[in-house]
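> One structure coming up, written as structure tokens, with questions to follow.
The values are calculated or read from the model by the stated rules, or taken from the named source; none is laboratory data. Owing to the predicted nature of the structure, the values given are computational and were not obtained by experimental measurement. Neighbour counts are summed over all protein chains in view; Cβ atoms, including those assigned to glycine, are modelled from backbone coordinates with ideal geometry. Note: areas computed on protein heavy atoms with side chains; ligands, DNA, RNA excluded. Shrake-Rupley method; radii C 1.70, N 1.55, O 1.52, S 1.80 Å.
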Amino acid sequence: MKTKIKSKYIVRYNGDDHEILLNGELVYQDDTIIFVGKNYSETVDKEVNLGNALVSPGFIDLNALGDIDHDIIHLEAYPEIQNSLRPSEHYYRSGMHELMTPEEEAFKSFYAYAQLILSGVTTAMPITSVYYKEWAETYEEIAAAVRHAGQLGLRLYISPSYQSGFGVITDDGLYKVCFEEEKGASGLERAKKFIEEFDGAYDGLIRGCLEPERVETQSEANLINTKKAADNLNCLIKLHAAQGRAEYDLIRQKTGKSTIKYLYDIGFLGKNVGIPHCYVAAGTMWGDDEDGDDLDILSKTGTTVIYCPVIIGRSGRYLDSFAEYRRRGINIALGTDTFPTDFFQNIRIASIFSRMVEGNSRGSTYADVYRAATLGGANFLGRDDLGRLSVGAKADLIAINLDNFHMGPTDDPLRTAFMVGNRTDIILSIINGRKVMENQKIPGVDLVELREVGQKYYNKMKLGYLERDGFGCSRDEIFRSSFPIVEN
């Protein structure tokens, strides 16, 4: 099957960087792009004329939300409520349990992956919350996630998460980790087994990667064994680290080092390691200067930083700065990590924060951050066939409608799209040569029904906060409304 797509603008890869082709054509056969240019002369089976649209490689989301977001509860919580949002030590000691049924846990990934596809994500490395889990992700829920990705056509890097300890809030309001190291070791074995079973499934759309939970909830032995396992399996690792001051202080108290220096000293960092957030780094405004220069460590080890601008920005934090990390030779990829899974919003906010620090736009433009959402993600994955539109690349692409009235006049098409647009402007998504979304509709998926079931899931998940709270806050205190809700 050979398909030709015509569009006013196509983001073409020239072997070194993106460029914008005016009034271009892209042809793909089965799952692979065979032409990007003008005046393709051979016969095709199907031709699609998108008109005034920007055809782009799909977004690579390396910290993609794999469940139904809880951050709408967290993002405006007052300081006195913050500790009530984390599981209490009392809850941990009294016996944690799975809040949701296996069927509900299976459902959540289908809901989340539909969101990703509607947002133009073509490759995802998911994350789910363990706040309301008995410990970490189960084998069964991630097996269901793989089936959902295969059904929807989403390219995925995944395995069940695991941890050696569980983060809790003490009665004194302090953050601590309660360790059960055997659970970390068994979790790693479970993840290895999962990768051996599912890597390469669904015509290669599913690839395995190891996803230990937060750095402070891992024993040193489990981190070292994770790195060995990844090297043996030839797979990637994603570890949340340098993502908050509480974590930084815990690691520093334990080791006398910054989080990044600690990971470096135990031999964990490297080209197959991606670190979501990674903004609390020594030598930046968020870390301690006396702890050294973490950006130098990240650069010389080839470790990838997975920047999630929206979720960090909600707490008033950001990389110091995006442009500086790139100047230091650090590979940056992007993640969303929250609803909305909107790369337009993430690219805008990353650019704004970086310009706030830098004082100018050099190295902080929409195009600079767009590279992270495409080429930066592909670099971490080791895939020169993703994140670009060129001959031999996978047919993973999206089309952004520039004709919607809110877009206003088109100047530079990429700058216009990311200054004004949003994810609902994506009118077409193709993954591995398969059309997975058109005009914000997913074939075979009833989005109205999906939303209704998702609301029921969320309502049940929300009640778990009351059970886990160790400070006796009321429902109205934890779930404070913006304004009073009245019936009359």
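> In percent, what relative contact order does the range 24-146 have, based on Cα pairs under 8 Å that are 6 or more apart in sequence?
Details: 101 pairs, mean separation 40.1, N = 123.
Relative contact order comes out at 33 percent.
> Tell me which lysines have Cα within less than 28 Å of K254's Cα, excluding those fewer than 8 residues away on the same chain?
The reachable lysines, counting only those whose Cα sits under 28 Å from K254, are K133, K176, K183, K227, K228, K238, K271, K300.
> Moving to a separate point now. Tell me the label-point distance for the pair K460, K38, using the 7 Å Cα-to-Cβ offset, in nm and rounded to one decimal.
About 5.7 nm, to one decimal.
> Under a crude label model (7 Å from the Cα following the beta-carbon direction), how far is T101 from R415 in nanometres?
5.5 nm
> In whole Å, what are the Cα extents of the range 257-415 along the three principal axes, biggest one first?
Largest first, the range 257-415 extends 53, 37, 28 Å along its Cα principal axes.
> Using only the alpha carbons, work out the radius of gyration and Dmax of the range 243-343 in angstrom.
13.0, 38
> Hey, another quick one. I'd like the per residue volume of the convex hull spanned by the Cα atoms of the chain, given in cubic angstrom. Working shown, then result.
Working: hull volume 75.0 nm³, N = 488.
Dividing the Cα hull volume of the chain by its residue count gives 154 Å³.
> Report the relative contact order of the range 107-162, percent, no decimals, based on alpha-carbon pairs under 8 angstrom and at least 6 residues apart.
Here the relative contact order equals 48 percent.
> Determine how large the accessible area of V36 is when every protein chain is in place; take a 1.4 Å probe and give Å² rounded to the nearest 10.
Approximately 20 Å² for this residue.
> With no solvent and one point per C-alpha, what does the Debye sum give as log10 I(q)/I(0) for the range 94-153 at q = 0.12, 0.13, 0.18, 0.29 Å⁻¹?
The computed values of log10 I(q)/I(0) come out as -0.30, -0.35, -0.64, -1.31.
> What order, most packed first, do the peptides 437-449, 263-275 have when packing is the mean number of other Cβ atoms within 10 Å of each residue?
263-275, 437-449
> Suppose accessible area is computed on protein heavy atoms with a 1.4 Å probe; arrange R214, R327 from highest to lowest.
R327, R214
> Next question, about the same structure. First compute the accessible area of the chain with a 1.4 Å probe, then give the percent of it belonging to carbon and sulfur atoms. Mind showing how you got there, number by number?
On the way: 9380 of 19880 Å².
That fraction is 47 percent.
> Under a plain spin-label model, where a point goes 7 Å from the Cα along Cα-to-Cβ, how far apart in nm are S186 and R93?
Between S186 and R93, the simple spin-label model gives 2.3 nm.
> Right, something else. Suppose all protein chains stay in the model; what accessible area per residue would a 1.4 Å probe give for the range 172-229, in Å²?
On the way: 2660 Å² over 58 residues.
With all protein chains present, the range 172-229 gives 46 Å² per residue.
> Work out, step by step, the length gained on full extension between F179 and D289: first 0.36 nm times the residue separation, then minus their alpha carbon distance; give nm to one decimal.
36.6 nm
> Subtracting the Cα-Cα distance from 0.36 nm times the residue separation, let me have the gained length for N488 to T255 in nm, one decimal.
Contour length minus Cα-Cα distance gives 78.0 nm.
> Cross-link partners among lysines for K8, C-alpha distance below 16 Å, same-chain residues fewer than 8 apart left out?
Correct list for K8: K38.
> Same structure, new question: In percent, how large is the relative contact order of the chain, given Cα pairs closer than 8 Å and 6 or more residues apart?
Once normalised by length, the contact order is 20 percent.
> Another one. Find the all-direction average of the projected area of the Cα convex hull for the range 282-337, expressing the result in square nanometres with one decimal place.
3.8 nm²
> Tell me the per residue accessible area of the range 336-488 using a 1.4 Å probe; a whole number in Å² is fine. Working shown, then result.
Working: 7510 Å² over 153 residues.
Heavy-atom accessible area per residue stands at 49 Å².
> Using a 1.4 angstrom probe, figure out how much accessible area the range 102-159 has per residue, in square angstrom, rounded to the nearest whole.
Solvent-accessible surface per residue comes out at 23 Å².
> Round to the nearest 0.05 the FRET efficiency obtained for D476 and K435 when R0 = 45 Å and r is the Cβ-Cβ distance.
0.45
> Counting other Cβ atoms within 10 Å of each Cβ, which GluC sites (Glu not before Pro) in the range 57-89 have at most 15 and sit in a DSSP loop?
Answer in residue order: E76.
> I've got another one for you. Run the paramagnetic zone check for A77: 7 angstrom along Cα to Cβ, then residues of the range 428-466 with backbone nitrogen under 14 Å.
Under cut-off, by backbone N: 462-466.
> Here is a further query. Report D for the range 1-76 in µm² per second (integer): Stokes-Einstein, Kirkwood Rh on Cα pairs, 20 °C, 1.002 mPa s.
Taking Rh from Cα pairs, D becomes 146 µm²/s.
> Could you give me the radius of gyration and the Dmax of the range 1-159, taking only the C-alpha atoms into account and expressing both in angstrom?
21.7, 70
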